[in-house]
1. Report, in cubic angstrom per residue, the convex hull volume of the C-alpha atoms of segment 37-155.
2. Any idea how far the Cα center of segment 121-138 sits from the one of segment 66-83, in Å?
3. Going by a ≥ b ≥ c, the root eigenvalues of the Cα gyration tensor, does segment 13-70 fall in the rounded group (a/c under 1.5), the prolate group (a/b larger than b/c) or the oblate group?
4. Give me the percent relative contact order of segment 27-147, please, defined on Cα pairs under 8 angstrom at least 6 residues apart.
5. Could you pull out every one of the aspartates and glutamates with an alpha carbon less than 12 Å from that of Lys18, ignoring same-chain neighbours closer than 8 positions?
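Just so it is clear, none of the values below were taken in a lab; they were calculated from the coordinates. None of the values given here were measured: they were computed from a predicted structure.
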Amino acid sequence: MTGAVAPRGSRHLDGPKKILLSGVSSDAHMWNLIYLQLFIEESGHHVRNLGPCAPDELILEHCVTWRPDALVISTVNGHGHLDGVRLIRTLREAGGPLATLPVVIGGKLGIHGIGNSRFHQKLLDAGFDAVFGAEAGIMEFQRYLTMLGRNGHAVETTTVPAC
Ligand code: B12
């Protein structure tokens, strides 16, 4: 994980969280989403999985109507750094609760293998709270979930060399 900050804006301090999980509009891969859904549910949280190829508008709509505690974006087709920047800008510009909703993105973010970590800062600058590249361990993500809603407890940044 690169450049993570303390999760913000969550309504519940402890207990199960509502996690909205989604692919991005260009990405047809689904087993990444199934894996993450099971992992998050087994971590004790509620998941709404929008599936692959979700348009930005659909994701925004579910953020507004379901009011998740966090949005988790998964992408593996290599275009995630482009889809992700567009999505998070749209979401942050919508304002209101979406301006502070914890939103993370992870997976295979580009098509450059060892060079994908250069996209992490771009995604963070665009508005994501944390970026989990291919080199990030799933336990780092679980740690982020655990810290959700406990503002003031920073998630330590772990800089892992790109693999
Ligand atoms: C199956 C598959 C397909 C199937 C998908 C079927 C389906 N309905 O899911 C089909 C044939 C449709 C397909 C199409 C394409 N694919 Co494909 N596909 C694969 C393949 C073989 C397996 C993916 C899979 O199911 N993995 C199992 C899941 C559980 O693992 P995962 O996806 O890696 O997810 C893990 C991590 O990435 C991580 N993770 C993912 N998201 C997140 C999010 C967070 C927050 C966190 C913490 C972690 C995390 O956690 C998951 C569990 O460990 C991979 C190669 C591979 N071996 O990975 C290529 C692969 C993903 N595909 C690839 C490509 C390029 C394509 C195409 C562009 C090919 C083409 N030219 O048409 C298209 C894109 C279509 C589109 N619009 O998206 C590339 C992506 C390259 C990159 N990013 O560097 C890969 C890596 C193959 C390769 N080596 O080149 N693909």
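1. Looking at segment 37-155, the number lands at 105 Å³ per residue.
2. Centre-to-centre (Cα) distance: 10 Å.
3. Oblate shape, in that a/c is at least 1.5 and b/c is the bigger or equal ratio.
4. 24
5. The reachable aspartates and glutamates, counting only those whose Cα sits under 12 Å from Lys18, are Glu41, Asp69.
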